[in-house]
Structure formats: structure tokens, C-alpha cells
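The values are calculated or read from the model by the stated rules, or taken from the named source; none is laboratory data. What you see is a predicted model; the values in this text were computed from it and never measured. Positions of Cβ are generated from backbone atoms using ideal geometry, with glycine treated the same way; all protein chains shown enter the neighbour counts. With ligands, DNA and RNA removed, areas are computed over all heavy atoms of the protein, side chains included. Shrake-Rupley method; radii C 1.70, N 1.55, O 1.52, S 1.80 Å.
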Amino acid sequence: RLPGLVARELRSRRAVLRTGAMVRALERTASGWRLTFGSAADPEVIESADVSSLRITASSGSALAGDLANQFMDTFTDSVYNFYGATETGPVSIVLRPEEAFAHAGAAGRPALGCTIRLAGDEGDIAGVDRVGEIWVRGPNVMQGYWRNPDHPAFADGWFRTGDLARRDAAGYY
């Protein structure tokens, strides 16, 4: 049985699909998409949904798993964006665009416009291709620091150190 809050959210998403309400955009976390359209979903509701008004969908929180991204695009729309970011990065710093989604399913994407991404090794050195490193973000969207804690170590030399680990492939996808 799903916890109460998750169950209510799932019912509300299904209600939108059942009512035929005009929906132009949907944004969910990757785990939210899994609940809404994954194993917990009612196939009859999904198959009968009129999503002709749907123009764009977005997933955030983590990379949308390849199987779920492909299933969703096949069923509903081919306009699925994956976003990676944090409150400190205003909030998007890595984007996987719809035209890249099939070829790079499961990836978070490439740097968003104006963002520079560095994968830092243990000593702050740059992690090479296919090496795991901490995601550091720099750009005009990154906040300057925390209120009343200007020396917080997450902010150094213009970079925000996310604490998240990733790897970059040879094509520049994280």
C-alpha cells in the first residue's frame, strides 16, 4: 500500500488524465514519473488519456531512467526534458533536451546555457572522461553564498560544490 501522501498525489495525477483537462506542460521528479506512469499506474487510465494538448514534460531530481523515458515518450510526447540542478544553481545547471533523450536515455544531460560544469576529483583536480567526480557548477545562475555563512566550503573560487557524484562521457553528457 502506498503511503497516504503519495497515494493522494497519484490519484490527483490520474484525475487530471481522466477529466480530459487541457494540460500543456507537466513537471515531475523522476520518482514521481515512476509512480504516475510506472508500476503503480493503471494502464487503462493511461491508454484512455487525451494528452493531445500536452506540449512539454520535464523530469528533475535525478536522471529519468532510460526505460521510463522511452515508455513515456512512446505513449505521450517526445518533448521530455531532464533537468539537474539545485536551489543554489537557480535551479537548472544540466539539461537533457528531447532530441537527445533517446540517444542518451538515463543521462542527466549537458551543461545548461551559461553554466560551466567541472567534475572534481578528491583533490579538486578535474576528473577525466568516464571518471567519477563531484559536480561543481559555475555561472550567472549560481548564488554567491549562504546568508550568514559567507565562508561555507560549498562556495569557493566562483564554484558551487554540489556534493553530487557523476561521470562525463566522451560526448560531454553527465
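Quick notes on this structure:
- Scope segment 86-107; condition closer than 22 Å to residue 154 by Cα and either open to solvent by 20 Å² or more (accessible area, probe 1.4 Å) or of a type in the set (Lys, Arg) (or both); matching residues: 86, 87, 88, 90, 91, 92
- Enumeration of residues in segment 58-75 that are open to solvent by less than 30 Å² (accessible area, probe 1.4 Å) and modelled with pLDDT under 75: 64, 66, 68, 69, 72, 73
- For segment 132-145, the set of residues classified as open to solvent by 70 Å² or more (accessible area, probe 1.4 Å) and either in a loop (DSSP other than H, G, I, E, B) or within 14 Å of residue 87 (Cβ to Cβ) (or both) consists of 140, 144, listed by residue number.
- The number of residues in segment 115-170 that are more than 23 Å from residue 91 (Cβ to Cβ) and in contact (Cβ under 8 Å) with a residue 40 or more places away in the chain comes to 5.
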